[in-house]
Structure formats: C-alpha cells, structure tokens
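The values are calculated or read from the model by the stated rules, or taken from the named source; none is laboratory data. Small disclaimer: the values here were computed from a predicted structure and weren't measured. Cβ placement follows ideal geometry from the backbone for every residue including glycine, while neighbour counts extend to all protein chains displayed.
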Amino acid sequence: MSDVTIRPVVTKADRKQFVDLAWDVYKNDTAWVPPLKDEVHGLIDPKKNPWFGHAKARLWLATRDGKVVGRISAQVDQLVLEHMGAGMGQWGMFEALDGEAAAVLIATAEAWLREQGMTRSMGPISLSIWDEPGLLISGFDQPPMVMMGYHRPAYQGWIVAAGYAKVKDLLTYEVDIRPAPEGVMARLVAAGDKNPRIVLRPVDKAKFDTEVAIILNLLNDAWSDNWGYVPLTPAEIAYAGKKLKPIIFPELVRIAELDGEPVAFMLTIPDVNELIKDLNGELFPFGFVKLLWRLRHPRTKRIRVPLMGVAKKLHGTRLAGQLAFMLIEHIRRDAVGEYQATHGEFGWILEDNQGMMSIAELPGATVNHTYRIYDKAL
C-alpha cells in the first residue's frame with residue numbers, strides 16, 4: 001500500500017508548494033535553469049493565462065510524511081479536442097522525487113481525465129503545445145534554452161512503467177552561427193536579395209501589437225497542418241505579445257514580404273536562461289532590476305529560434321526554402337555582429353517534418369535535445 005497522499009491544489013500556499021517543488025527536485029543538477037517563479041505562477045493562474053478561456057485544468061501535489069514529493073496537472077482543452085480528436089486528454093507540469101510518487105500522480109491525472117469523458121491520455125504537455133511540450137529524453141548535459149523544458153532522466157522509465165508509449169519526438173538543433181553560409185544556401189540567399197519582389201524587414205516595435213498579430217497569424221497559417229497543432233486565440237496572441245516584448249529585438253526578428261504581403265517570419269530571441277540562471281527564480285527585490293539591465297542590450301552566447309513559418313500557400317515551393325534561408329542568414333549576421341552570439345538553436349521541430357529538418361541541417365546544425373510526447377488509451 002502506497003504511503004503517498006494526493007491532494008488538489010486549492011490555496012495560495014498550495015500553489016507556492018506546486019511551483020517551489022522544482023527547486024527541491026533539481027537542487028543538485030547544474031544543467032537545470034531555475035525558471036522565474038512569477039512566470040510559472042502566471043501559467044497556472046486562470047485569471048492571468050487566457051489559455052483557460054478554452055481549457056480547464058486540475059493540479060495536484062503528492063506528499064509523504066508531510067513533505068511534497070511530486071506534482072502534476074491534468075487538462076482538457078476544447079481546441080485540442082477539435083484539432084487532435086475527441087477524447088484526447090492531457091497531463092503535464094510533472095515533477096517527482098521517486099517512482100512511487102510518479103505512479104500515483106499519473107494515476108490521479110488519468111482518473112480525472114476519465115471523469116471528464118476522455119478516452120486517451122497524452123503527456124507531458126505543460127499546459128499547452130505552445131508552452132513546454134514533451135519530456136527531455138536526450139541532451140541532459142546541456143542547459144535548456146529559454147522556453148524549453150528540462151527533466152530528470154528517471155522520468156522516462158516512470159512514464160513507460162505507467163503504460164505509456166511514444167507518440168512523437170520533438171527535436172531541437174544547435175549550430176555554430178559564426179561561419180557565413182556556403183554552397184546552395186549562400187546562392188539562394190544571394191539570389192533572393194536581388195529579387196525586387198522580396199523584402200525582409202525587421203519588426204517595428206513602435207507598432208508592436210500589429211507586428212505580433214502578423215507573426216502569430218502567419219504562425220497559425222504555417223503550422224495548421226502540423227501534428228499537434230492547436231490555434232492560438234486572439235487573447236493568447238495578445239498575451240504572448242505582452243510576454244515576448246521585453247525580449248524582442250528588431251534585428252533578431254524579421255518578416256519576409258512578397259509583393260508587399262507578409263508571407264514568412266523568423267522569431268529569434270537571446271537565450272534569456274543565461275541572464276536569469278543566477279536569479280534563482282526570484283525577481284524581487286533585486287532580480288527585476290538586474291534582468292532589466294541585462295536586457296538593455298543582451299550579450300548571450302546562444303540565441304534561439306522558437307518560431308518560424310512560411311505561409312501555407314508557399315509550402316512545397318522553392319520560394320519557401322529560399323525565404324527561410326534568407327531569414328536565417330540576415331538574422332545570423334546581426335546576431336553575430338551586434339550581439340556577439342556564437343551558437344543558435346532551432347526548434348522544436350517535429351521528427352517527421354522533413355522540410356524543416358532539411359532547413360536546419362543545411363547550415364550544419366545537429367540535434368542537441370530530444371523531447372518525447374507519450375500517450376495511452378484510458
């Protein structure tokens with residue numbers, strides 16, 4: 001009989017314990033980057049996160065002898081049901097100190113999903129595909145970049161032991177961005193630069209809300225046929241824009257226009273994890289000032305491309321690849337020249353998205369992290 005007790009997260013104190021558990025789990029792991037606690041609290045707060053406008057979630061804590069030893073969420077998202085299939089429940093925000101706590105937590109999440117009428121359980125998704133999807137299964141030796149998760153190696157075995165099987169892997173690619181492109185990529189970029197129909201422009205932060213809408217609407221269009229796709233709602237687009245604004249630098253974000261129409265974009269951000277690791281998750285009293293100062297003109301060794309897309313009507317055309325390479329090269333020049341970055345990360349990319357994998361690999365990028373999503377019939 002298990003000595004693990006499960007209780008739902010209800011009070012402010014519960015939510016604090018839910019967030020703070022990660023510091024206990026990873027206290028001896030030098031690759032882990034403490035997230036900003038305020039960001040995690042905002043993610044799970046229905047009053048702040050507009051994801052809750054189309055989804056509901058329950059959170060639980062696992063305790064043993066009064067000590068918190070694990071946490072988990074379970075969620076039902078109406079947009080997931082519409083786009084991934086009826087009966088698809090999900091779970092995430094998963095952390096555990098041992099396998100016994102993990103088993104009880106996963107079983108608790110599954111029981112709630114059954115109560116909601118779900119017939120399949122998928123995870124980890126924390127809380128949506130746009131947040132931190134998947135479980136890290138390779139690349140534990142390297143700290144994750146901003147907006148990507150990090151997990152204990154033991155989690156994979158615990159999840160499989162609960163009856164889960166792989167449904168999809170998500171890959172991130174790393175590349176040394178200091179060398180200029182050669183060969184095919186260089187020729188495509190040079191030809192595109194001479195094409196009067198194509199204009200690559202940096203985002204205009206004076207019109208930030210409009211620019212964010214252009215980018216995220218392009219994202220919804222470009223990714224709409226991808227596995228796992230769930231559209232961002234207008235409220236989520238506005239919320240994402242507000243969160244991203246402090247880490248958006250015009251030289252690192254470009255929109256490609258064809259005959260004056262936006263048809264592609266690439267969003268690149270400094271690896272904010274390098275800037276926050278020493279803050280230990282705390283913005284106050286001094287962390288906020290430190291972060292603001294560091295963001296004035298960040299010097300991070302690594303940059304990350306979390307989002308990139310080409311309008312669906314151009315998919316499968318030579319122009320789609322050309323626009324992607326032009327965006328990569330123009331941003332690379334500024335990342336190296338203006339920000340002194342040395343390495344870049346693309347991703348995540350679906351393991352069967354051959355087009356995006358080819359784009360990532362042509363400059364010489366290699367996979368540095370693999371994240372796995374599992375599912376199980378309930």
Kindly indicate whether any position in region 262-269 is assigned by TED's automatic domain parsing to the domain that holds residue 315, crowded, with 21+ Cβ neighbours inside 10 Å and within 30 Å of residue 21 (Cα to Cα). yes
Any chance region 186-209 includes a residue that's within 30 Å of residue 352 (Cβ to Cβ) and part of a loop (DSSP other than H, G, I, E, B)? no
The listed residue being surrounded by 17 or more Cβ atoms within 10 Å (Cβ to Cβ), in contact with a Gly (Cβ under 6 Å, 6 or more places away or on another chain) and closer than 21 Å to residue 271 by Cα, out of 343, 369: 369
Hey, could you check region 295-325 for residues that are among the small types (Gly, Ala, Ser) and not in a helix (DSSP H, G or I) and say which is surrounded by the fewest Cβ atoms within 10 Å (Cβ to Cβ)? 316
Would you call residue 146 closer than 27 Å to residue 249 by Cβ and among the β-branched types (Val, Ile, Thr)? yes
Is it the case, given these coordinates, that residue 117 is part of a loop (DSSP other than H, G, I, E, B), closer than 18 Å to residue 376 by Cβ and either of a type outside the set (A, V, I, L, M, F, W, C) or touching a His at 6+ places or on another chain (Cβ under 7 Å) (or both)? yes
In region 183-208, what residues are surrounded by fewer than 12 Cβ atoms within 10 Å (Cβ to Cβ) and in contact (Cβ under 8 Å) with a residue 24 or more places away in the chain? 184, 197, 204
Complete set of residues in region 258-269 that are outside any loop (DSSP other than H, G, I, E, B) and either over 20 Å from residue 149 (Cβ atoms) or not aliphatic (A, V, I, L, M) (or both): 258, 261, 262, 263, 264, 265, 266, 268
Please find, within region 346-366, the residue that is surrounded by the most Cβ atoms within 10 Å (Cβ to Cβ) out of those that are among the hydrophobic types (A, V, I, L, M, F, W, C) and assigned to a loop (DSSP other than H, G, I, E, B). 365
Taking the condition more than 23 Å from residue 49 (Cβ to Cβ), assigned by TED's automatic domain parsing to the domain that holds residue 312, out of contact with any helix residue (DSSP H, G or I) (no Cβ under 6 Å at 6 or more places or on another chain) and surrounded by 16 or more Cβ atoms within 10 Å (Cβ to Cβ), does residue 248 pass? no
Is it true that some residue in region 307-323 is within 28 Å of residue 31 (Cα to Cα) and of a type outside the set (D, E, K, R)? yes
Taking region 139-166 only, how many residues are assigned to a helix (DSSP H, G or I) and surrounded by 15 or more Cβ atoms within 10 Å (Cβ to Cβ)? 4
Quick count over region 99-127, residues being among the hydroxyl-bearing types (Ser, Thr, Tyr), within 16 Å of residue 55 (Cα to Cα) and at pLDDT 95 or above, is 1
Name, by its number, the condition in (1) at pLDDT 90 or above; (2) out of contact with any Pro (no Cβ under 7 Å at 6 or more places or on another chain) that does not hold for residue 224. (1)
Do you know which residues across region 270-294 are part of a loop (DSSP other than H, G, I, E, B) and either surrounded by 14 or more Cβ atoms within 10 Å (Cβ to Cβ) or at pLDDT 90 or above (or both)? 271, 280, 281, 282, 283
Count, please, the residues in region 104-125 that happen to be in contact (Cβ under 8 Å) with a residue 60 or more places away in the chain and surrounded by 17 or more Cβ atoms within 10 Å (Cβ to Cβ). 12
Output for region 81-127, where each listed residue is charged (D, E, K, R) and within 22 Å of the chain's Cα centre (by Cα): 82, 95
Name the single residue that is nearest to residue 151 (Cα to Cα) among those in region 120-138 being out of contact with any Lys or Arg (no Cβ under 8 Å at 6 or more places or on another chain) and assigned to a loop (DSSP other than H, G, I, E, B). 124
Residue under question is residue 216, and the condition is that it be hydrophobic (A, V, I, L, M, F, W, C) and without any contact (Cβ under 8 Å) to a residue 60 or more places away in the chain; does it hold? yes
Filtered residues of region 1-30 (kept if among the hydrophobic types (A, V, I, L, M, F, W, C) and at pLDDT 95 or above): 6, 9, 10, 13, 18, 19, 21, 22, 23, 25
